[in-house]
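Visitor: Mind looking over this structure? Questions follow.
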Amino acid sequence: MTGCIRIQSSTRIRGLGSPAPGIVIKIGAQIGQRLQSGDVLLALEAMKTETNVTAPAAGKIAAFPVSKGESVQAGPAVVEFE
């Protein structure tokens, strides 16, 4: 998903912020799961349009600070990486 906000420490991506306000309609990965670039992390719905948020790089999920059904704003982290 282009437009996501990357939360970085040095050159390492530590988290991914929501690209837009919406409601989390699906969590597509689990804490501790190893990811490849492009894997679907979660899906947001805004104005009846579903948007997939994908992994920007290979890594491992440390936390999902959001849950299914939760309303999110653009910017705050929706997934954190180890």
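Laboratory data are not the source of any read-out in this text; all were calculated from the coordinates shown. Just so it is clear, the structure is predicted and the values come from calculations on it, not from any experiment. Cβ placement follows ideal geometry from the backbone for every residue including glycine, while neighbour counts extend to all protein chains displayed.
Visitor: Within the range 51-71, is even one residue under 12 Å from P19 (Cα atoms) and loosely packed, with under 12 Cβ neighbours inside 10 Å?
Guide: no
Visitor: List pairs: first in the range 51-71 and in contact (Cβ under 8 Å) with a residue 40 or more places away in the chain, second acidic (D, E) and in a strand (DSSP E or B), Cβ under 8 Å, 6+ apart or cross-chain?
Guide: Filtered contacts from the range 51-71: T51/E45.
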